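Only one structure is covered here, and it is reproduced in the block below.
The values are calculated or read from the model by the stated rules, or taken from the named source; none is laboratory data. Model, not experiment: these values are computed from the prediction. Quick reminder, even Gly has a Cβ in these numbers, built from the backbone with ideal geometry, and neighbours come from all protein chains shown. Surface areas here come from the heavy atoms of the whole protein model, side chains and all, with no ligands, DNA or RNA. Shrake-Rupley method; radii C 1.70, N 1.55, O 1.52, S 1.80 Å.
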Amino acid sequence: MAGNVWIVAEHWKGAVSDATCELLALGRDLADRLGVRLEAVLLGHEARAMAASLGPADAVLYVDHPTLADAGGLQASRAIAALASARQPMAILVPATTVSWDLLGLLPARMGAPLVNFCRQVEVVDGALRVSSLLYGGKMAVTVAAGDGPVVLAVLPGIGPAAVEGAAAPAIEDVAVDLPGDPGVRLLEYQEPEAGDVDITQQDVLVAVGRGISSQANIEVAEELASALGGAVCGSRPVIDQGWLPLSRQVGKSGVTVRPRLYVAAGISGAPEHVEGMKGAELIVAVNTDAGAPIFSVAHYGIVDDATDVLEALAEAVARRKG
């Protein structure tokens, strides 16, 4: 298989995303195993300084254009497809995030290349890429062997560690791409999370609640335990759909992927869509009244009991030990 490994350097409001740092680590490993170069594609306007943070890459292909100043898949797909046509990478790794979803829908079509979506593992087997992916909301796991031509991989955030900081600054190649002056789609505004909200992807401890906690009032019990453990509260989709927690706290396929040291799943049945977003936690403790709940199949410890009662008992026990 010829060609280098590329990662698309996703950035948001002037900062490289955490998902990009994870792709740099994954891409570095793949490129080394394949004996090829790792190149990062950075698109933007007056954003060249960000290239210095992409150190694990051997080189950064930087495209500067006024219409690339804001996130937008249409113009980005044109730029990357033009570069790929000229240089023929073997694989283009793109973060599977809300920032890059539109790019992932457009780039493979523009390139005439296959897309492997929801990648949870990418490895090298017998000198070729092999990709594990979840389809149909996590109900089907598949393994795909990449072909000889370029392939676009949509890599789920949180499936691996971020690149180690302190790598040497990569070589930067300024690349000119012919792009239309009118991008066709413009970013109107940023919608920020609610003030004071936390980034659950950065928490070491998460107390997750589901429909099994019965009412919104019982979230207070989860917050007491999370506070005692120095963590935060998150939830499954039914809880967010009912407005009990903000969307930024949703874990799962339609939310975010988390990898905390401790994940307490209280009153969560364990639908594949939710498990996809939290199964990478180091330690999973599940509480559910249903002994046959699917969540127990991924938990390290399981408690068959009322979720609210167990959360209260745990919060009291932790408080006593800390006191």
Next item on the list: Can you tell me which residue within segment 72-107, out of those that are among the hydroxyl-bearing types (S, T, Y) and buried (at least 18 other Cβ atoms within 10 Å of the Cβ), is farthest from E22 (Cα to Cα)?
Entry: S77
Next item on the list: Mind counting the residues in segment 22-62 that are surrounded by 22 or more Cβ atoms within 10 Å (Cβ to Cβ), of a type in the set (A, V, I, L, M) and closer than 28 Å to P183 by Cβ?
Entry: 11
Next item on the list: Kindly establish whether D178 is modelled with pLDDT of 90 or more and within 30 Å of A315 (Cβ to Cβ).
Entry: no
Next item on the list: Answer with yes or no whether G323 is within 20 Å of T97 (Cβ to Cβ) and either among the β-branched types (V, I, T) or surrounded by fewer than 22 Cβ atoms within 10 Å (Cβ to Cβ) (or both).
Entry: no
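In segment 288-316, what residues are more than 20 Å from V205 (Cα to Cα) and in a strand (DSSP E or B)?
V304
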Next item on the list: Only one of these is open to solvent by less than 40 Å² (accessible area, probe 1.4 Å) and within 25 Å of the chain's Cα centre (by Cα): G235, G212, G243. Name it.
Entry: G235
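Would you pick out the residues in segment 26-43 that are under 20 Å from V125 (Cβ atoms), part of a loop (DSSP other than H, G, I, E, B) and not small (G, A, S)? Before the answer, list the steps.
Of all residues in segment 26-43, those under 20 Å from V125 (Cβ atoms) come to 26-36, 38.
Remaining after also requiring part of a loop (DSSP other than H, G, I, E, B): 35-36.
Correct list: V36 only.
Checking the conditions here, which among A266, A286, A226, A293 is open to solvent by less than 20 Å² (accessible area, probe 1.4 Å) and at pLDDT below 95? Please lay out each step first, then the result.
Numbers: A266 fails: at pLDDT below 95; A286 fails: at pLDDT below 95; A226 fails: at pLDDT below 95.
Matching residue, one of A266, A286, A226, A293: A293.
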Note to self: Testing A86 on (1) in contact (Cβ under 8 Å) with a residue 12 or more places away in the chain; (2) more than 25 Å from G277 (Cα to Cα), one condition comes back false. Which one is that?
What the structure shows: (1)
Next item on the list: Please indicate, with yes or no, whether at least one residue in segment 44-59 is aliphatic (A, V, I, L, M), in contact with a helix residue (DSSP H, G or I) (Cβ under 8 Å, 6 or more places away or on another chain) and either within 30 Å of Q250 (Cα to Cα) or not in a loop (DSSP other than H, G, I, E, B) (or both).
Entry: yes
Notebook entry, point to check: What are the residue pairs meeting all of these: first residue in segment 191-212, first residue at pLDDT 85 or above and in a loop (DSSP other than H, G, I, E, B), second residue among the polar types (S, T, N, Q) and open to solvent by less than 50 Å² (accessible area, probe 1.4 Å), Cβ atoms under 6 Å, and 6 or more apart or on different chains?
Noted result: G210/S236
